[in-house]
Structures are given as C-alpha cells and as structure tokens.
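Q: Take a look at this one; I'll ask things after.
The values are calculated or read from the model by the stated rules, or taken from the named source; none is laboratory data. Just so it is clear, the model here is predicted, and its values are computed rather than measured. Every residue, glycine as well, gets a Cβ built from its backbone with ideal geometry; the counts of neighbours run over all protein chains shown. For accessibility, only protein heavy atoms count, side chains too; no ligands or nucleic acids. Shrake-Rupley method; radii C 1.70, N 1.55, O 1.52, S 1.80 Å.
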Amino acid sequence: LCCGHSHSPASHPYPHAPRVSPSDHHCCLAVHLATMQGPGHNAIRVMATLTRSSSVTSRILPAARRPTPWAHTSRAFSDFSGVDSFAHGNSVRDIHSTAVQQNAPAPHQQDDEPKRVALRLHREESEASKQPPAVGNRTEANTRTLEDSFGRFHDYLRISLTEKCNLRCKYCMPEEGVPLSPSDTMLTTPEIVRLASFFVGEGVTKIRLTGGEPTVRRDILELMAEFGALKKQGLERIGITTNGITLHKQLHRLLEGGLDGINMSLDTLHEKKFLFITRRNGFKHAQKSLQMAQEAKDDPLSGLRTLKINCVVMRGLNEEEVADFVALTEHSSIDVRFIEYMPFDGNQWKDSKFVSYAEMLEGIKARFPSFERTPESDKPNDTSKAWKVPGFKGTVGFITSMSQHFCGSCNRLRITADGNIKSCLFGSEEVSLRDMLRGGASDEEVARVAHAAVWRKHFAHGGKGGMHGIAASPDRPMIRIGG
C-alpha cells in the first residue's frame, strides 16, 4: 500500500495501488509473507511492517490472522478489509512468488533503509496469469503425467458426453442454438470408457459427466455402469451436472450404476422466469427431479453423497432471488452455489450484467444478518467459498471465477464431447485424444500427449487475463466445452 507521496499518478510505479492519506509521508506498507513448516502442510503468516509511520496501520489491516493453509490463502485474504488486491484474482501464493522471483526492494525504499522484499498488492488481472508460484528446478520429464509446470496435480476429470441440450439458457448460447460438431466426430462409448480408464490409471479420483445435457445421451445408463466399474481401479467419486429435465426418469438406475454426486442447474424459482431464461418449458420436470434427488440424498442407502444447486446470477434477471435460494437450505441438506456470470462465445456477456460475489453477499445479509463464512468447510481444491445461515440444515457456496479466481489450486481437466483435452475452461489450447485413439495409439503415447497438454496449462484464466480478456478472446460456446 502506498500513500503516493512524491509520485504523480502517471509516474507512480504502482499506479493502481490503493492509497491512504498523502499526509502520512513515507507511510508505505511492506507486507512480509513468511512460509512456515507445519504438521502436514505449509502455512503462511502475514506480518505487516510499517517502514516509517505506524499511525496508518490500524486503518489498513485488522488484527493478524492465524496461519492459513496455502490452499485457502486467497479466501483468507479476501476477508481483509482495506486490501482489495484479491478481489482482482491475485492469490497470496502468486504474489509471494512474484517477490521471490524478482527479489527486488520496494520502490520507495532508500539506500539507508533496511532491504525488504516489497510485495505488490494490486496488479492488473493479466499479471495474475503471468506470475505463477515458484516451483523450483522442475522439468516436464521429471513430473507425473497430470502435473503442470506450476506443480498442480490434476485428479479431477470432467467428461462431456454430448453437445446436445434440451434447453437454450441465455448465459450458455443464443436462442437459435450453436452449430454442433458432426456426429462422427463425437467420442464413441468405447472411446469414452477407454479415456476414463486411462485417466484413472494416471491418478484421477473424481469424474464428472457434463454436456450439453448428459442425460439426453441414449446410452447414459450403460456408461454409468462402466464408470462405476472403475471404482475398483481407484476412482472414488462420480458426479453429473444436469438441468434435471429428464433426470427423474433415470435417477434410480444412475445411482445403482455408481453415481454419488448431483449438481443441478437451476437459475430461478419461478416458472415463468424459467421459461424466459431457458427458452423452453420444463420447470415442473426440473422441480420433480430436484425433489427426487433430495429424497435420495436423505436416504443413506441411496449412495447419493452430495446434492448441489448451481445458480448463475445475472443482473436484471435473477439477482433478486439470491436470498430466496438461500432460504432453501433451511430444511434441506443441499448446497446452493451461486456462480458469477462468465463470458463464452454466443452468450452475449456484458459486464453490466455481472453481479459480483461481494454484491451477492450484501443482498443475502440484508435478509439473513447472521449469514456467516465457514472457511473450515472449504476443501483444498474447492471452487466455492462456503457460507451458512446458523441453524440451517444446508449450506451456501460462491463460485467467484471472475472477481476472485481460484486458479492456484486448480485440479481439473476437461475432455470435450469430440475428444479434445482442454486443460482450462477458459483456455483456447486443445489437443485431440480422439484422433490418437482412432489412429491406434497406445496408452503410453496418449500419456505423452496428455502430459504435454497439462504441462502447458496457463496459471490462470487460460492466460487471457480476466473476464474482459476472456470476453474478447474467441473460444468454443459453453455447450461445446462441457459445463
């Protein structure tokens, strides 16, 4: 943090840094991040050192927090009032590594002052993609197949079963739909099973089936049985992301096949608005599926371990319903997750429609003042930040892909319906594994190509620098990526 003393806005080395009063001369604040070895994990301690005037400290940072595991640092820092760099997607590990790599003193320090590492608390979104954590002298040859150049191991695979969908949601595609890939380019059932088996052999422990709408695939039940058999080979979790329109017809057999997690997309609790958002009828079918899933979740013998509702929040469309969704958790053990509106080809994304995590929180707390953060519920690779109304049976999560990204702990890979490996949802780089399979490639050859694809993964947002960079870059529509 810098007071801006002796710097004009144009010449200031960190022109976007948050300022305090110019009257506090030489009040620049250096934040020192010291890594500490703890039992079972690394942790960080945040110590604020004021170089000249201590009067500004109390206005900038609250009391020191307890050491926080690396996996949760960006979440912990987002709670600091007055420090807004993390609202722009900069993880602590990212910023710490920048200082380590540059090893440069702060610009405001003079020769007669102690040398310190000045950490930049605010950078452009694009810089978060360029400055990953330091990983030492590692090379592609001495890492595991699913480990990238930043040391992230990928044990979560999302497989798109189809590009087809029975809805036309506004945030996913235009009303007329999108051109789909020719049917002969789609992965066959044996190809899907082989790739799933290959990735489980490489360390994948969780597979999620996506689309399009995965339940419209005719052989979804046979595929689920094949995936279920992989649990004997090391696969631990099988999930599905669905709009619920036909789920109620297949739910019990899917659970018998090995399904243990359901993410159901539902963006409104009103039938007429459902028709407006999805451009299709189907609200009653979705509600029926949700009810059946809730009953299965409450039955310990069903095998369903998790039930989540995914709600994409858009200004002028459903932001006023956020608190109503939270109310659903009072008597039901579901996890409602609010997703920030993300830009994809054909979804007419505008930042004027964007509703941030902070704004959602404000609306919820107006109705539920006791709504509280529960960071102890966050798992190391979670995409959502956990919250809860005390006394309510269910939980609430926020997927803040745009305002506070979680790329530093990403463990996800995607296989598109036409057989490409995509290491990042927002990345443009893809490699066809389908062509390799159809060309007779061995698993060893597939492993080399998969490793190269994972190794080249960007640190954040596919290297596009944030939501505006993503919006300006051509990519597949969401329905052809796989949700």
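Q: Pull out all pairs, ordered by first then second residue, where Cβ-Cβ is under 8 Å, the residues are six or more apart or on different chains, the first lies in the stretch 215-244 and is of a type in the set (Lys, Arg), and the second is open to solvent by 10 Å² or more (accessible area, probe 1.4 Å) and assigned to a strand (DSSP E or B).
A: Taking only residues 6 or more apart or on different chains, the pairs are Arg237/Lys206.
Matching residues to (1) open to solvent by 10 Å² or more (accessible area, probe 1.4 Å); (2) under 21 Å from the mean Cα position of the chain (by Cα); (3) at pLDDT below 90:
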position: Leu307; (1), (2), (3): no, yes, no
position: Phe344; (1), (2), (3): yes, yes, yes
position: Ser352; (1), (2), (3): yes, no, yes
position: Lys385; (1), (2), (3): no, yes, no
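Q: Right, Leu304: without any contact (Cβ under 8 Å) to a residue 12 or more places away in the chain, out of contact with any Pro (no Cβ under 8 Å at 6 or more places or on another chain) and of a type outside the set (Phe, Trp, Tyr) or not?
A: Values: without any contact (Cβ under 8 Å) to a residue 12 or more places away in the chain: no; out of contact with any Pro (no Cβ under 8 Å at 6 or more places or on another chain): yes; of a type outside the set (Phe, Trp, Tyr): yes.
No, not satisfied.
Q: What are the pairs, 6+ residues apart or on separate chains, where a residue within the stretch 152-172 that is over 21 Å from Leu195 (Cα atoms) has its Cβ under 9 Å from a residue that is open to solvent by 30 Å² or more (accessible area, probe 1.4 Å) and of a type in the set (Asp, Glu)?
A: Arg168/Glu175; Arg168/Glu176
Q: Would you mind stating whether Gly203 is on the phi > 0 side of the Ramachandran plot, surrounded by fewer than 18 Cβ atoms within 10 Å (Cβ to Cβ) and either not in a helix (DSSP H, G or I) or not polar (S, T, N, Q) (or both)? It would help to see each step written out before you state the result.
A: On the way: on the phi > 0 side of the Ramachandran plot: yes; surrounded by fewer than 18 Cβ atoms within 10 Å (Cβ to Cβ): yes; either not in a helix (DSSP H, G or I) or not polar (S, T, N, Q) (or both): yes.
Here the answer is yes, as Gly203 does meet what is asked.
Q: On to the next question. From the list Leu290, Leu301, which residue is open to solvent by 10 Å² or more (accessible area, probe 1.4 Å) and part of a loop (DSSP other than H, G, I, E, B)? First the steps, then the outcome.
A: Details: Leu290 fails: part of a loop (DSSP other than H, G, I, E, B).
So the residue among Leu290, Leu301 that is open to solvent by 10 Å² or more (accessible area, probe 1.4 Å) and part of a loop (DSSP other than H, G, I, E, B) is Leu301.
Q: Then there's this: Taking Thr139 as the residue in question, decide whether it is farther than 28 Å from Gln233 by Cα, without any contact (Cβ under 8 Å) to a residue 40 or more places away in the chain and open to solvent by 10 Å² or more (accessible area, probe 1.4 Å). Write out each step before concluding.
A: Numbers: farther than 28 Å from Gln233 by Cα: yes; without any contact (Cβ under 8 Å) to a residue 40 or more places away in the chain: yes; open to solvent by 10 Å² or more (accessible area, probe 1.4 Å): yes.
Against the criterion (farther than 28 Å from Gln233 by Cα, without any contact (Cβ under 8 Å) to a residue 40 or more places away in the chain and open to solvent by 10 Å² or more (accessible area, probe 1.4 Å)), Thr139 qualifies.
Listed here are the residues, each with its yes/no results for (1) over 26 Å from Asn318 (Cα atoms); (2) among the basic types (Lys, Arg); (3) open to solvent by 20 Å² or more (accessible area, probe 1.4 Å).
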| residue | (1), (2), (3) |
| --- | --- |
| Ala358 | no, no, yes |
| Lys365 | no, yes, yes |
| Met402 | no, no, no |
| Leu413 | yes, no, no |
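Q: Has the stretch 206-223 got any residue that is over 22 Å from Cys165 (Cα atoms) and at pLDDT 95 or above? Before you say what the answer is, go through the steps one by one.
A: Of the residues in the stretch 206-223, the ones over 22 Å from Cys165 (Cα atoms) are 206.
Next, only the ones that are at pLDDT 95 or above stay: 206.
Checked the stretch 206-223: at least one residue is over 22 Å from Cys165 (Cα atoms) and at pLDDT 95 or above.
Q: Right, here's the next one. If Ile238 satisfies every condition in (1) in contact with a helix residue (DSSP H, G or I) (Cβ under 8 Å, 6 or more places away or on another chain); (2) in a loop (DSSP other than H, G, I, E, B) but one, which is the exception?
A: Only one criterion is unmet by Ile238, namely (2).
Q: Could you please tell me which pairs satisfy a Cβ distance under 6 Å, a separation of 6+ or placement on different chains, a first residue in the stretch 322-338 that is in contact (Cβ under 8 Å) with a residue 40 or more places away in the chain, and a second residue that is open to solvent by less than 20 Å² (accessible area, probe 1.4 Å) and assigned to a loop (DSSP other than H, G, I, E, B)?
A: Thr329/Gly394; Ser332/Gly394; Ser333/Gly394; Ile334/Gly394; Val336/Thr329
Q: Of all residues in the stretch 360-419, which are part of a loop (DSSP other than H, G, I, E, B) and hydrophobic (A, V, I, L, M, F, W, C)? Write out each step before concluding.
A: Looking only at the stretch 360-419, we keep the residues that are part of a loop (DSSP other than H, G, I, E, B), and these are 368-371, 374, 378-383, 389-394, 400-406, 410-411, 416-419.
Result: Phe368, Phe371, Val389, Phe392, Met402, Phe406, Cys410, Ala417.
Q: Pro182 is checked against (1) of a type outside the set (S, T, N, Q); (2) modelled with pLDDT of 90 or more; (3) open to solvent by 50 Å² or more (accessible area, probe 1.4 Å); (4) touching a Gly at 6+ places or on another chain (Cβ under 7 Å) and fails just one. What number does that condition carry?
A: Unmet for Pro182, out of (1) of a type outside the set (S, T, N, Q); (2) modelled with pLDDT of 90 or more; (3) open to solvent by 50 Å² or more (accessible area, probe 1.4 Å); (4) touching a Gly at 6+ places or on another chain (Cβ under 7 Å): (4).
Q: Only one residue in Thr268, Thr241 is buried (at least 18 other Cβ atoms within 10 Å of the Cβ), at pLDDT 95 or above and closer than 20 Å to Lys164 by Cα, so which one is that?
A: Numbers: Thr268 fails: closer than 20 Å to Lys164 by Cα.
Unique residue meeting the criteria: Thr241.
Q: Separate question: Quickly run through the stretch 173-206 and pick out the residues that are without any contact (Cβ under 8 Å) to a residue 12 or more places away in the chain, among the small types (Gly, Ala, Ser) and farther than 21 Å from Glu226 by Cβ. Write out each step before concluding.
A: First pass over the stretch 173-206, keeping only residues without any contact (Cβ under 8 Å) to a residue 12 or more places away in the chain: 176-177, 179, 182-184, 188, 190.
With the extra rule that they be among the small types (Gly, Ala, Ser), the set shrinks to 177, 183.
Within the stretch 173-206, Gly177 is the sole residue that qualifies.
Q: Also, I was wondering about something else. In the stretch 185-195, what residues are open to solvent by 30 Å² or more (accessible area, probe 1.4 Å) and in a helix (DSSP H, G or I)? Don't jump to the end; show me each part of the working.
A: Step one: of the stretch 185-195, the residues open to solvent by 30 Å² or more (accessible area, probe 1.4 Å) are 185-186, 188-190, 193-194.
Thr185, Thr189, Pro190, Val193, Arg194 - these are the residues of the stretch 185-195 that are open to solvent by 30 Å² or more (accessible area, probe 1.4 Å) and in a helix (DSSP H, G or I).
Q: Okay, moving on. Look at the stretch 309-318 and say how many of its residues are surrounded by fewer than 17 Cβ atoms within 10 Å (Cβ to Cβ) and on the phi < 0 side of the Ramachandran plot.
A: The number of residues fulfilling the criteria is 1.
Q: For the stretch 195-203, check the following and say yes or no: at least one residue is among the β-branched types (Val, Ile, Thr) and touching an Asp or Glu at 6+ places or on another chain (Cβ under 9 Å).
A: Of the residues in the stretch 195-203, the ones among the β-branched types (Val, Ile, Thr) are 200.
With the extra rule that they be touching an Asp or Glu at 6+ places or on another chain (Cβ under 9 Å), the set shrinks to none.
The answer is no, given that none of the residues of the stretch 195-203 is among the β-branched types (Val, Ile, Thr) and touching an Asp or Glu at 6+ places or on another chain (Cβ under 9 Å).
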